[in-house]
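The values are calculated or read from the model by the stated rules, or taken from the named source; none is laboratory data. Worth saying up front: this structure is predicted, and the values here are computed from it rather than measured. Backbone-built Cβ (ideal geometry, glycine too); neighbour counts: all protein chains shown. The protein model used for the area step is the full one, side chains on, heavy atoms only, and it has no ligands, DNA or RNA in it. Shrake-Rupley method; radii C 1.70, N 1.55, O 1.52, S 1.80 Å.
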Amino acid sequence: MAQDTINAELFSILACPKCRSDLVYNDTKTKLVCTKCRKEYEIKEGIPILMVK
Ligand SMILES: [Zn+2]
């Protein structure tokens, strides 16, 4: 199990804070990427950092 894997229950409620679209992992599973606006969000210790700067 990867260190930064987000648990399924949390993942199911995640949405982009900017446009409310679904988020998916990037290729290396180190970030989440919005399926619509393509904004990337970092994952820290299994917790996605969903902040709009
Ligand atoms: Zn978005």
Residues of segment 5-52: accessible area per residue with a 1.4 Å probe, Å²: 70
Cα point-scatterer Debye curve for the chain, base-10 log of I(q)/I(0) at q = 0.28, 0.31 Å⁻¹: -1.21, -1.43
Dipole magnitude of the chain about its Cα centre (Cβ charges: Lys, Arg +1; Asp, Glu -1), debye to nearest 20: 340
